[in-house]
Amino acid sequence: MEGQLALERGDPKQAILAFQRVEQQDPDYITEIITPLQTCYQEIGQAQEFTHYLRHLLEHHGCIRPMLALANIIKQQDGEPQLFDLILEKIQNPRPSLHGLDLLLDLALSKKDTISRNYLLLLKEMSTQLLKNQPAYKCTHCGLTARKLYWQCPSCHQWNTVKPL
Ligand SMILES: [Zn+2]
């Protein structure tokens, strides 16, 4: 809120300082500051600094939102091979996600040259991992998902309601 106020009274530099404090205060909220920070850096004409900060967030927290913002920058600027490499390195941390998979597909499709084998291998690895974490069974009565088949649902205690997905 402090950042938003500073931005509204026309002080993007102060707003940047406020938004960046979120990282120390509670990194769970980093996703919330990406868009307003981008506005701030655009207002002071330092898009490059924004990219640097995103890289910093990615290196230290590895969350998906800075990755998405970086991916957009890569697509706009058509290139930035180091950013590509950074995303490839971080995309499976802390664990593969559907967001990550979607982002990687998006990046692969935005590349003008043919999709490289490394991309495909990484995509395959991620989808395998995601499928492994997918529950195989679900109770049709209460919605409980399970990795193994129960004849009696451990949650709602109905018989024969747990079905393979
Ligand atoms: Zn159930």
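The values are calculated or read from the model by the stated rules, or taken from the named source; none is laboratory data. Quantities reported herein were computed from a predicted structural model and do not represent experimental measurements. A quick note on method: Cβ atoms are made from the backbone with ideal geometry, for glycine too, and the neighbour counts reach across all protein chains shown. Only protein heavy atoms, including side chains, enter the accessible area calculation; ligands, DNA and RNA are left aside. Shrake-Rupley method; radii C 1.70, N 1.55, O 1.52, S 1.80 Å.
Points to keep in mind about this one:
- Of residues in segment 143-160 being near the ligand (Cβ under 6 Å from one of its atoms) and farther than 24 Å from LEU131 by Cβ, the one most open to solvent (accessible area, probe 1.4 Å): GLN158
- Taking each residue of segment 7-36 that is modelled with pLDDT under 90 and looking for partners that are open to solvent by 60 Å² or more (accessible area, probe 1.4 Å) with beta-carbon atoms closer than 7 Å, six or more apart or interchain, yields PRO27/HIS61; ILE30/HIS61; ILE30/ARG65; THR31/ARG65; ILE34/ARG65.
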